[in-house]
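Shown next, in structure tokens, is the structure this report addresses.
Laboratory data are not the source of any read-out in this text; all were calculated from the coordinates shown. Keep in mind that this is a model prediction, so the values were computed, not measured. Reconstructed Cβ throughout: ideal geometry from the backbone, glycine too, with neighbour counts over all protein chains shown.
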Amino acid sequence: QVQLVESGGGLVQPGGSLRLSCVWHGTIIGPDTVGWYRQAPGKQREFVADLNSGGQKNYVDSVKGRFTISKDIAKNTVYLQMNSLEPEDTAVYYCQIYLLGRPYWGQGTQVTVSS
């Protein structure tokens, strides 16, 4: 059974940084795509960033230049480096991987940006 576990969330002041990590277990096959989504209170879950097996990265406009997605396949881990955080970035962040065309999700980690 494929499982994803996120970590690295927390409370940070505006302008600060956090690095989220997501480790996946239960598969020996590398994912086609790894990504991050977020859901703020009262809003729908939205795409943040993804990275495909060819190395192409995509970001939602609101995080371009501030967030960076990366992965370490040897460690089965995907990262989201978040810099210059803003209160609008407050949300539960979820990682997602695609394996053989099927998405798998983590349980989410809370990120709160507040002074």
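Taking trypsin sites (Lys or Arg not before Pro) as exposed when DSSP calls them loop and at most 11 other C-beta atoms lie within 10 angstrom, the chain has its longest site-free stretch at 65-115. Across the chain, Cα-Cα pairs farther apart than 20 Å form 35% of the total. For the chain, a simple Cβ point-charge model (Lys and Arg +1, Asp and Glu -1, everything else neutral) yields a dipole of about 140 debye relative to the Cα centre.
Report for the chain the percent antiparallel among DSSP-assigned beta bridges with both residues inside it, nearest 5. Looking only at bridges with both residues in the chain, the antiparallel portion is about 95 percent. Taken along the Cα-to-beta-carbon direction at a fixed 7 Å, the label points for SER115 and ASP72 span 3.5 nm.
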